[in-house]
Every structure is written in structure tokens, then in C-alpha cells.
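Below: one structure, written as C-alpha cells.
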Amino acid sequence: MIPSYIKPFVWSYDTKKLDLGKDRKVIILNILNLGSAKATKWLFDQYGKTDIKKVIQASATKEWNEKSLNLWSSF
């Protein structure tokens, strides 16, 4: 289940229908692009560094805002 404080970062999705496994890429990219410190902590607790790193490496540049890409590409 998606906590209420995560909802603003996946606002264009119905959070009741998001699946933490199946929709992992959407959730990870949205939180890394838009998320707060609290949301990012939840993300790392939920998925772990290895899974997050895989999503970062497999994502296209157009899926990122420029500042977030610069920050997380060094991860």
C-alpha cells in the first residue's frame, strides 16, 4: 500500500491501483524526480538500493528532470 505522503509524487496515478511490484518503475522514478526526503527514505526502505539502481540505469533520459538526473546518475 502506498502511504498518503507518497501520493503527491504519483499524483497522476490512482494510488489504490498502483502495485508496488508491477509499478515499481513509475513509483521509483516519480519519487526520485519529485519526492521529499521522507518519500525518498520510504522508497529506499521499500525497494532497496540495488533495485533502485537497476531502475535508474534502465531508464531513459527523457524520464528525468535535469536536476534529478544529475543527482541520481552518480548513485
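As a length-normalised measure over Cα pairs under 8 Å and 6 or more apart, the relative contact order of the chain settles at 29 percent. In the chain, the portion of solvent-accessible area held by carbon and sulfur atoms comes to 53 percent [1.4 Å probe, whole percent, DNA, RNA and ligands not counted]. Across Leu34, Leu20, Leu29, the residue with the most accessible area heads the list, and the full order at a 1.4 Å probe is Leu34, Leu20, Leu29.
Rolling a 1.4 Å probe over the protein heavy atoms leaves Lys7 with an accessible area of roughly 80 Å². When Ser4, Ser59, Ser36 are compared by accessible surface with a 1.4 Å probe, the order from highest to lowest is Ser4, Ser36, Ser59.
Among the listed values (1) 30, 30, 18; (2) 31, 22, 21; (3) 27, 26, 20, the one matching Cα extents along the principal axes in Å as calculated from this structure is (2).
Please work out the average accessible area per residue across the chain, using the 1.4 Å probe convention, and give it in Å².
66
Backbone geometry of region 39-47 corresponds, through the Karplus equation with coefficients 6.51, -1.76 and 1.60 at θ = phi - 60°, to 3J(HN,Hα) couplings of 5, 5, 4, 4, 4, 5, 5, 6, 10 Hz, x marking Gly and Pro. A cut-off under 13 angstrom between Cβ atoms defines the neighbours of Gln57, and their net charge, with Lys, Arg +1 and Asp, Glu -1, is +2. Heavy-atom accessible area with a 1.4 Å probe sorts Asp51, Asp45, Asp19, largest first, into Asp45, Asp19, Asp51.
The values are calculated or read from the model by the stated rules, or taken from the named source; none is laboratory data. Not measured: the values here are computed from a predicted model. With ideal geometry, Cβ positions are generated from the backbone for all residues, glycine too; neighbour counts draw on all protein chains shown. Ligands, DNA and RNA are excluded from the accessible area calculation, which covers all protein heavy atoms including side chains. Shrake-Rupley method; radii C 1.70, N 1.55, O 1.52, S 1.80 Å.
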